[in-house]
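Enquirer: The following block contains the structure, expressed as structure tokens.
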């Protein structure tokens with residue numbers, strides 16, 4: 001029996017059976033490669049679901065985290081720490097934002113954003129009737145009760161009612177429907193991903209995000225961009241919304257921000273940030289015990305500095321364009337199996353005719369790790385250190401899988 005089999009037997013009897021992990025046990029990584037406990041090598045084209053933006057075991061990130069562990073790991077938000085202050089400055093200096101709140105995950109960031117916009121309407125704008133959140137069909141904003149309520153995919157909401165509300169859903173990229181929803185007197189805010197990631201790597205048409213900005217300004221509602229998956233350079237710019245030349249009131253971050261260390265953030269304008277500002281004599285309106293701890297924010301500081309210093313935004317743009325071209329080539333060479341190439345930067349997807357889950361499973365058997373985005377899209381979200389050679393290996397493997405005619409999930 002292999003070590004993998006031994007460990008999977010332990011997992012089978014100890015874990016809550018909520019996940020559907022693929023049957024490998026990973027033990028170490030370097031750059032864009034991973035190895036399992038039995039020593040088998042995999043090309044990682046998912047990077048922890050768009051998290052490990054610097055790849056695995058990045059030497060400088062590893063060194064700085066080790067140094068931080070030797071200095072200070074946690075003190076809580078009863079006090080300041082140097083790394084969180086520097087991380088807030090790093091984010092505001094690279095974005096539209098004036099203020100930052102740190103948390104631990106994307107779901108927590110979106111949950112905090114919901115509290116911010118609700119309280120902004122009720123306390124700052126003195127509009128207590130404005131409580132309705134508007135989101136899009138096909139969206140994904142997290143798995144807490146509030147964020148799953150905002151997620152426009154019914155499969156994630158089933159069995160958890162009654163859910164947070166009121167929430168109204170409109171079609172993604174439909175400005176007319178959005179205007180109608182936000183024009184209602186109870187509308188509070190609109191939350192949207194600049195690219196729908198879990199919904200299938202859906203890039204909106206030009207002008208959509210700018211149209212949202214105009215609608216929110218006209219209706220007195222707040223605009224929240226969920227940049228958990230598109231932020232921190234994933235699309236070739238710091239933030240996904242920069243491609244459209246527009247800024248939100250609030251932006252949520254996580255995933256790549258810590259390069260593998262859990263950290264989330266809510267970034268807001270001075271005006272919007274008043275929604276979470278404490279009032280004299282009142283309770284602290286929102287808090288996080290672990291949010292902004294020295295280790296997590298040291299990771300964020302290192303990630304932001306390394307991306308900038310090493311010119312990784314340009315690399316993401318160039319390598320992402322190459323990946324997009326290779327996926328488009330698959331559509332041309334295998335039109336019955338590969339239907340559409342989608343995405344921007346190093347957030348890419350290939351819509352397949354059938355069996356996307358089986359395609360991902362077979363690619364894993366051949367040594368390439370991919371993931372799903374929706375029911376029929378194979379997702380590529382590799383680290384920013386991935387090369388053209390890595391892209392060639394992954395696409396060649398995917399072409400082989402498609403040629404085999406795999407169609408049934410395993």
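The values are calculated or read from the model by the stated rules, or taken from the named source; none is laboratory data. Keep in mind that what you see is a predicted model, and the values were worked out from it rather than measured. Please note: Cβ atoms are built from the backbone with ideal geometry, for glycine as well, and neighbour counts cover all protein chains shown.
Enquirer: Going through region 332-365 one residue at a time, which ones are assigned to a helix (DSSP H, G or I) and over 15 Å from residue 401 (Cβ atoms)?
Expert: 332
Enquirer: Can you name the strands (runs of 3 or more DSSP E) wholly within region 167-278 that have at least 1 residues being farther than 30 Å from residue 74 by Cα and modelled with pLDDT of 95 or more?
Expert: 167-170, 187-192, 222-226
Enquirer: Follow-up. Inside region 1-83, counting only strands (runs of 3 or more DSSP E) that do not spill past its ends, which hold 1 or more residues that are surrounded by fewer than 13 Cβ atoms within 10 Å (Cβ to Cβ)?
Expert: Hits in region 1-83: 26-30, 41-44.
Enquirer: Take residue 319 and tell me if it is more than 19 Å from the chain's Cα centre (by Cα) and touching a residue at least 12 places away in the same chain (Cβ under 8 Å).
Expert: yes
Enquirer: Another question, if that's okay. Would you call residue 137 touching a strand residue (DSSP E or B) at 6+ places or on another chain (Cβ under 6 Å) and crowded, with 20+ Cβ neighbours inside 10 Å?
Expert: no
Enquirer: Right, another one. If a residue has to be surrounded by fewer than 22 Cβ atoms within 10 Å (Cβ to Cβ) and within 20 Å of the chain's Cα centre (by Cα) to count, how many in region 343-368 make the cut?
Expert: 1
Enquirer: Residues being touching a helix residue (DSSP H, G or I) at 6+ places or on another chain (Cβ under 8 Å) and more than 20 Å from residue 243 (Cβ to Cβ): count how many of those fall in region 341-351.
Expert: 1
Enquirer: If a residue must be over 21 Å from residue 377 (Cα atoms) and touching a strand residue (DSSP E or B) at 6+ places or on another chain (Cβ under 8 Å), how many such residues does region 1-51 contain?
Expert: Within region 1-51, residues that are over 21 Å from residue 377 (Cα atoms) and touching a strand residue (DSSP E or B) at 6+ places or on another chain (Cβ under 8 Å) number 16.
Enquirer: Also, quick follow-up: Scan region 327-338 and tell me whether some residue there is in contact with a strand residue (DSSP E or B) (Cβ under 7 Å, 6 or more places away or on another chain), free of Cβ contacts under 8 Å to residues at least 40 places away in the same chain and surrounded by fewer than 24 Cβ atoms within 10 Å (Cβ to Cβ).
Expert: yes
Enquirer: Test of understanding: among 354, 363, 334, 338, which residue is touching a helix residue (DSSP H, G or I) at 6+ places or on another chain (Cβ under 6 Å) and modelled with pLDDT under 95?
Expert: Result of the check over 354, 363, 334, 338: 334.
Enquirer: May I ask you to list pairs of residues, at least six apart or on different chains, whose Cβ atoms are under 6 Å apart, with the first in region 265-282 being within 18 Å of residue 91 (Cβ to Cβ) and not assigned by TED's automatic domain parsing to the domain that holds residue 247 and the second being at pLDDT 95 or above and not in a helix (DSSP H, G or I)?
Expert: Within 6 Å, no pair qualifies.
Enquirer: Identify all residues within region 144-166 that are in contact (Cβ under 8 Å) with a residue 12 or more places away in the chain, more than 20 Å from residue 202 (Cβ to Cβ) and surrounded by fewer than 20 Cβ atoms within 10 Å (Cβ to Cβ); write none if there are none.
Expert: 144, 145, 160, 163, 164, 165, 166 - these are the residues of region 144-166 that are in contact (Cβ under 8 Å) with a residue 12 or more places away in the chain, more than 20 Å from residue 202 (Cβ to Cβ) and surrounded by fewer than 20 Cβ atoms within 10 Å (Cβ to Cβ).
Enquirer: Which residue is farthest from the chain's Cα centre (by Cα), if the candidates are limited to region 205-229 and must be buried (at least 22 other Cβ atoms within 10 Å of the Cβ) and over 21 Å from residue 120 (Cα atoms)?
Expert: So the residue we want is 209.
Enquirer: Report yes if some residue within region 178-192 is buried (at least 24 other Cβ atoms within 10 Å of the Cβ), in contact with a helix residue (DSSP H, G or I) (Cβ under 8 Å, 6 or more places away or on another chain) and within 20 Å of residue 342 (Cα to Cα); otherwise report no.
Expert: yes
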